[in-house]
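As structure tokens, the structure follows; a few thoughts come after it.
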Amino acid sequence: MEREPCPFRLLEDCGGAFVMGALGGGAFQAIKGFRNAPSGLSNRLAGGMAAVRARSGLVGGNFALYGAIFSSIDCALVYCRKREDAWNSVTSGAATGGILAARQGLKGMMSSALICGVLMGLIEGTSILMAHQSADQLRQFTSPDRTNEIPQQKKNFSNLYTNFTEANPSSI
């Protein structure tokens with residue numbers, strides 16, 4: 001799957017992260033609001049919906065911020081390194097984690113960068129493993145079935161010499 005070029009990738013990643021954060025945060029907030037509401041089904045449903053309205057946009061915005069910073073660093077690394085590989089994503093994830101934890105001090109930045117870098121490494125490693133696995137399966141699926149073919153007789157120089165007659169040079 002081909003990704004958008006860098007200026008447009010920023011918008012795509014930011015929007016995708018917002019939607020993912022809003023939906024995931026909405027589901028989490030709905031469960032949390034349902035559990036913390038007063039007893040009664042109508043009260044619990046209303047509490048869940050109120051929590052979704054109050055917090056899902058905020059969670060989506062936080063995810064969008066992460067996506068925008070990640071994509072900006074990724075595009076900068078693609079520009080500087082002149083290649084697009086998994087190391088860009090791992091480095092971008094670590095740098096984004098460090099930037100977002102800047103208010104916690106140097107120790108907080110380093111630990112957050114390490115955690116985000118390891119998580120991005122796991123995600124990229126899994127992605128590479130899955131691509132390799134699916135390529136192997138595709139290669140097995142598209143290989144021709146050679147069990148029904150008639151085996152061809154291999155010609156070597158000894159066969160040419162034994163079949164050669166001086167009277168018939170076309171027998172070579």
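Since every read-out is calculated from the coordinates, none of them should be taken as a lab result. Worth saying up front: this structure is predicted, and the values here are computed from it rather than measured. All Cβ positions, glycine included, derive from the backbone under ideal geometry; neighbour counts span all protein chains shown.
In terms of packing, defined here as the mean over residues of other Cβ atoms within 10 angstrom, the peptides 62-68, 26-32 line up highest first as 62-68, 26-32. Per residue, the average separation of C-alpha pairs within less than 8 Å and at least 6 apart gives the range 61-110 a relative contact order of 32 percent. A Stokes-Einstein calculation at 20 °C with viscosity 1.002 mPa s, built on the Kirkwood radius of the range 1-151 over Cα pairs, returns a diffusion coefficient of 116 µm²/s.
Multiplying the residue separation of Ile31 and Cys6 by 0.36 nm and removing their Cα-Cα distance gives an extension gain of 5.3 nm.
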